[in-house]
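The values are calculated or read from the model by the stated rules, or taken from the named source; none is laboratory data. Because the structure is a prediction, the values reported are computed rather than measured. Quick reminder, even Gly has a Cβ in these numbers, built from the backbone with ideal geometry, and neighbours come from all protein chains shown. These area figures cover heavy atoms from the full protein model, side chains too; ligands, DNA and RNA do not enter into them. Shrake-Rupley method; radii C 1.70, N 1.55, O 1.52, S 1.80 Å.
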Amino acid sequence: MTGVSTRHRTTWPTLRWVFSDPARILMFGFGSGLIRPGSGTWGTLLAWFLWVFVSPGVNNLTMGIFLFLCFAYGCWAAHRVSQAMGVQDHVGIVWDEFVAFWLVLWLVPGSLLAQTIAFVLFRIFDTVKPPPIRQVDARFKGGIGVMVDDLLAAVYTLIVMALLVRFGPAVYFS
């Protein structure tokens, strides 16, 4: 597969290409990253859907280890898939959204309203990339570059959510 080596993606992988390799399957969010427009939003929605079924009953230590391993794997696999495509951080790679949003869901209140607000905030921060997210995104390349900007969007989301939980109407977050 050929492409360009900039952030602007001119190639679009086929479903067959994505499902021909386990790393590609995860990086493209089980195919959700192929949905246009808004592949990051579709990937985040699938991550949320999977969270509902996977997270109940998982203790904090196990979840922390799981998220760390998902992040580490994402750094390796995103680098590998980006090299195969010849494109740095293809818009269809959504594993970074999965891992970052799972971190958010792990740390915010479990109510549907709180998770919905967190979803909207995360998508805004991931799309707009306020400072220093945009600068970090431009500076870091390879798999770590793919993963870290979404991690920072998750941190921004968690800060806003913490403020809302602390100073907002508690009834909405319980």
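Some values worked out for this structure:
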read-out	value
Some residue of region 16-25 being within 21 Å of T116 (Cβ to Cβ) and either open to solvent by 70 Å² or more (accessible area, probe 1.4 Å) or at pLDDT 90 or above (or both)	no
Residue within region 141-158 that is of a type outside the set (G, A, S), at pLDDT 95 or above, more than 15 Å from the chain's Cα centre (by Cα) and open to solvent by 70 Å² or more (accessible area, probe 1.4 Å) present	no
Pair list, Cβ under 8 Å, 6 or more apart: region 66-80 residue farther than 12 Å from K141 by Cα, other residue surrounded by fewer than 17 Cβ atoms within 10 Å (Cβ to Cβ) and among the β-branched types (V, I, T)	F66/V58
Residue count for region 67-95, restricted to those that are under 19 Å from W51 (Cα atoms), in contact with a Phe, Trp or Tyr (Cβ under 9 Å, 6 or more places away or on another chain) and of a type outside the set (A, V, I, L, M)	4
Some residue of region 91-110 being surrounded by fewer than 17 Cβ atoms within 10 Å (Cβ to Cβ), farther than 24 Å from I35 by Cβ and free of Cβ contacts under 8 Å to residues at least 12 places away in the same chain	yes
Residue ID - nearest to D96 (Cα to Cα), chosen from residues in region 125-140 that are under 17 Å from the mean Cα position of the chain (by Cα) and charged (D, E, K, R)	D126
Residue count for region 73-85, restricted to those that are open to solvent by less than 30 Å² (accessible area, probe 1.4 Å) and of a type outside the set (S, T, Y)	6
Counted residues, region 39-65 - those being open to solvent by less than 30 Å² (accessible area, probe 1.4 Å) and either farther than 14 Å from R24 by Cα or without any contact (Cβ under 8 Å) to a residue 40 or more places away in the chain (or both)	8
